1. Defining a contact as two alpha carbons under 8 Å apart and six or more residues distant in sequence, what relative contact order in percent does region 52-201 show?
2. Find the accessible area per residue for region 12-164; the probe is 1.4 Å, ligands and nucleic acids are left out, and the unit is Å².
3. If you bin the C-alpha pair distances of region 53-96 every 5 Å from 0, what whole percents do you get?
4. Report in % the part of the accessible area of region 1-160 that belongs to carbon and sulfur, leaving out ligands and nucleic acids; probe 1.4 Å.
5. Among the listed pairs Lys31/Lys163; Lys15/Lys197; Lys15/Lys220, give every one whose C-alpha distance is greater than 21 Å.
6. Sequence-distant or interchain residues sharing an amide H contact under 5 Å with Phe162, placed H: which?
7. Mind checking which of Leu167, Leu76, Leu186 has the largest fluctuation in a GNM of the chain, springs on alpha carbons under 10 Å?
8. Run lengths n ≥ 4 of DSSP H only: what is the helix-derived mean residue ellipticity at 222 nm for the chain, with -39500 (n - 2.57) per run over all residues, to the nearest 500?
Amino acid sequence: MYNEEFFARLLTFRKPDGVSVEVGGGPGFFKRVAPDVISTDLIWCPWLDAIADAQKLPFRDASVSNVFGLDMLHHLAAPMTFLNEVGRVLTHGGRLILIEPWITPFSYLIFRFLHQERCDLSETPWTANGADKMAFDGNQAIPYLLFGPKHRSTTLGSLPAFKIIALEPFCLFAYLLSGGFKPMNLLPESLYKAVSKFERATLPMWRRLAALRVAIVLEKNGQSHVETYS
């Protein structure tokens, strides 16, 4: 699931040359798929390449071609500080490539009532400094609050170096049936490809109403553009 649905999407948008960095490396699964990526996180683990706070990256200005993140933006105390810091370290044309939770009418019910992390649409991540927020205190609404249709222009207005080149909601049937990281699994591996194929084929029918995740790609001083979805 993670290899084919999440990691493959991250790598699809990757710039081919230069240094690539993963923030919020967590259990190290992405590192297995892309071993050349410099994997970082806040707490040391043997599979990481460096300990780093995503809000204060230990890289020189304009030295990184890609910054990858999976389920990390919604954990940050100061998301805008992170986004500006990524803008500092990226080269011209470099990309921030994220996969995060996304709020739709259906996903809100899942995140609000069936998930261990918060889903609070009242936060203001484009202004709050998050001084009282713990590093692992996730709010799954943060990516939508930043890049959803209501506040997208506000966020981008504070990030003049960036342009959105992709904002693609996805993910529904296969992930829910798999249980994610939970022990429950209602999706036998033998059925995964069929369910995944069906999900991709029907994506335009349900993405606005039911998508659970979103791929967000920002390019520094980028000129290309991909249609975005609310």
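The values are calculated or read from the model by the stated rules, or taken from the named source; none is laboratory data. Note that the structure is predicted; figures quoted are calculated from it, not measured. Note that we place each Cβ from the backbone using ideal geometry, even for glycine, and neighbour counts take in every protein chain shown. For the accessible areas, the whole protein counts, side chains as well, though only heavy atoms, and no ligand, DNA or RNA atoms are used. Shrake-Rupley method; radii C 1.70, N 1.55, O 1.52, S 1.80 Å.
1. 21 percent
2. About 46 Å² of surface per residue is accessible.
3. 6, 24, 35, 23, 11, 1
4. 58 percent
5. Lys31/Lys163; Lys15/Lys197
6. Asn221
7. Leu186
8. Working: 8 runs with 70 residues, N = 230.
Helix-only estimate at 222 nm: -8500 deg cm²/dmol.
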